[in-house]
Amino acid sequence: MGKELDFVGGRRKIEEVGVEDLVGAGLSVEEARSFHESLKATILIAQSSSTAGEGTKAAAEPQKVWRELTAEGRRLLKPWHPHALHQLIYYSVYSDWNISTSGPPLYWFPSLLQAKKTNLGSLMEIHGPKLLGTLYQDPITSFSLFQKFTVQHPDVFWSLVLKELSVTFRESPRCILDTSDKPKHGGTWLPGSVLNIAESCLLPMNYPRKRDEDVVVLWRDEGLDDDPVNHMTLREFREQVMMVANALDTMFSKGDTIAIDMPMTVTAVVIYLAIILAGLVVVSIADSFAPKEIAIRLRVSNAKGIFTQDFIRRGGRNFPLYSRVVEAGPCKAIVVPAIGKNVGVQLRKHDLSWKDFLSSVDHLSRPHHYFPVYQSIDSITNILFSSGTTGEPKAIPWTQLSPIRAAGDLWGQQDIKTGDVFCWPTNLGWVAGPMILYSCFLSGATLALYHGSPLGRGFGKFIQDAGVTILGTVPSLVKTWKSTQCMEGLDWTNIKSLASTGEASNFDDDLWLSSKAYYRPVIECCGGTELASVYLQGNFLQPQAFGAFSTATMTVGYVIFDEHGVPYPDDQPCVGEVGLFPVYMGASDRLLNANHEEVYFKGMPMYKGMPLRRHGDIIQRTVGGYILVLGRTDDTMNLGGIKTSSVEIERVCDRTDVDVLETAAISIAPMTGGPEQLVIFAVLKKGYNSTLEQLKLKFTRAIQSNLNPLFKVSHVRIVTEFPRTASNKLMRRVLRDQIKNELASQSRL
């Protein structure tokens, strides 16, 4: 992995970059000369702070050079500079960097002043000296020590965070964590507490301040990109939720499960919280699902009704949604119009339009007032589903504890607070939807929603016009923005941080994304629906590296173990399967359609007397303690007796040529027996002319020089796009079956 950062054609050292190189990267001659003078001055500053022996001129240390180049007072690289310039400078700075001996190169560095102002840093400054004693120094120096403290004392940490979030209990918990309940792995959290978590989202809060007149939701419809951004205050939003809760009471009973299968619009968010406020249970269904998938989720959850839309509006076109719900089964549907006030389809007799549904409260004297249904902390509020790439998707219940976990993690790691505007294009059918919803409403931030496709310029202009300060993404979305150049000319400099989840990030795509906001950090997130949170993440108290996680989240303990179930020593660089400590607030303790114990604990190794919890990720701990997620346990392969992961190979292949947009690596066993063979699927830019043999040679050379000289690519296939789940995860299993069938057909000829 020593040449992990080699880019197409290689790069010269930063000291060797000249005016001609800068012109070649897209600057005018005049701009290039000015930039070159500033670049030389910056290198000298970094050089002067580097150490060297007496009488020896110190070489500029790469990370010091990059830090100086992107420092807030200097910012030599601008968001509007050509991406080729950002590439030239970044890859030249790190031209000699060796990941295997130095860990991943860093691109963002916290300042102590800013660290102390973050949510987590402020909490550490107040409580760190008391909890850690004389060992505490400051939020940056003491971060790792504090994280380990929270693993050992999770009850202490969560008692502090609960005071920071807008969580209102009808009956307070007897304690934070009761470990006397042995059948439950990790004990019982907040025992005896009674609340309605939706009510907590709707009430003003004194600290951090959230008032009735504050804007809590911003949105814009696709196609209206020059119109003002719509907004709703907390009071207005609460009245809408309570009106819908009153309407729900006219046709459903407490405890009923009600599905939502629609885009994540303002109306969908109102419906989501109204269902929970009324003591009902949300069934989350992604709006991309086919009728068969919708039917499975309605059946498993025993849904009594479903909210949906007549159409989904994307890219100026209407895509049917209600018709898919009808095909899925007879479940009573309440249909929201995608455009205007009236539904644009003919409804079944037992279904209702949104307009008729709301009219059911016309007889009430106070339709905008509602008394919440209070329930115990472990009552189910939401049924979510795993992606279901194989077999029936797991039905994962969220209790009232799950939103607290979700909001607490993003409050600490993503630094969400009052005044922030948070946008993350997703859906209530996936874990990110509820996580973002609760994170905003329980921390006092504003939720920003774009009613349309996030792939085009309209979405980017909304980010600009809404003043978004935190932007969440998935890697494939960033890849599209970068390749189409659709965001050129937009101002995203109001963004203070970015976030990425769903799949492994690409170094160069993250470089592009971060550059649009003056190299503010891309906080990588890795978690799961059953965890109600992320277990690996970046933060504002540690330096960050592209595509890497800097820490486990607060209170999360984990080990990496080998194929024999033997854990590696803490902090040792290694590769293996991750096992989570069982004390995990907000994690699932039941499944509706599977045995929870068998799915998450059976067959897992013990560690210090604890049964480890299965998550299924293969991860790599690097020098310096950073974490790379290499894929799922079923995405590993054995090449010549050496275990490696698909993601590891794909990271190398993606950088072999500028015309390679994306690759997918799988292995197959030859029909005649023998070692596994490596197959690379590639998506290429339009008009790229290269033979399969040429690509195979390029991929093989890159893999052998960056990973292992014994690895060899056996087959290459060019495809227009990769099969993905509705949550955008790459389905390598489908590609594996595809190549197997193709080779089997050829052998029969």
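FYI, it's all coordinate maths here, none of it is from the lab. A quick note: this is a predicted structure, and the numbers were derived from the prediction, not measured. Here Cβ is always computed from backbone atoms with ideal geometry, including for glycine, and neighbour counts include all displayed protein chains.
Structure notes:
- Rg to Rh quotient for the chain, alpha carbon positions, Kirkwood Rh: 0.96
- Taking a point 7 Å from the Cα of Arg299 along the Cα-to-Cβ direction, the residues of the stretch 552-596 with backbone N closer than 20 Å to it are 591-595.
- Computed lengthening from Tyr688 to Leu364, 0.36 nm per intervening residue step minus Cα-Cα distance: 110.1 nm
- Kirkwood-type radius of the stretch 194-619, with distances r between different C-alpha atoms, in Å: 22.3 Å
- Gyration tensor verdict on the stretch 16-167 (Cα atoms; rounded if a/c is under 1.5, prolate if a/b is larger than b/c, oblate otherwise): prolate
- Counting 0.36 nm for each residue step from Leu592 to Lys355 and taking away their Cα separation leaves a gain of 82.0 nm.
- Compared with the dominant Cα axis of the chain, that is its longest principal axis, helix 266-277 is turned about 60°.
- Label-point gap, in nm, between Arg733 and Asn708 - each point 7 angstrom along Cα→Cβ: 2.5 nm
- Distance (nanometres) between label positions extended 7 Å along Cα→Cβ at Glu72 and Ser100: 3.9 nm
- Per-selection Kirkwood Rh - the stretch 640-748 (Cα, Å, 1 d.p.): 14.4 Å
- Simple spin-label estimate for Lys117 and Glu15 in nanometres, 7 Å along Cα-Cβ: 3.7 nm
- FRET efficiency, Leu162 to Ala669 (Cβ-Cβ, R0 56 Å, nearest 0.05): 0.60
- Of the cross-linked pairs Lys184/Lys394; Lys13/Lys116; Lys304/Lys349; Lys78/Lys496, those separated by over 27 Å at the C-alpha level are Lys13/Lys116.
- From helices alone, the chain scores -9500 deg cm²/dmol at 222 nm; the rule is -39500 (n - 2.57) for each run of n ≥ 4 DSSP H residues, then divide by the residue total.
- Helix 692-706 and the longest principal axis of the Cα set of the chain meet at an angle near 80°.
- Under 20 Å from Lys210, Cα to Cα: aspartates and glutamates that are on another chain or at least 8 residues apart: Glu164, Glu199, Glu236, Glu239, Asp409, Asp415, Asp420
- Helix 291-301 vs. the chain, principal-axis angle (Cα, 0 to 90°, nearest 10): 60 degrees
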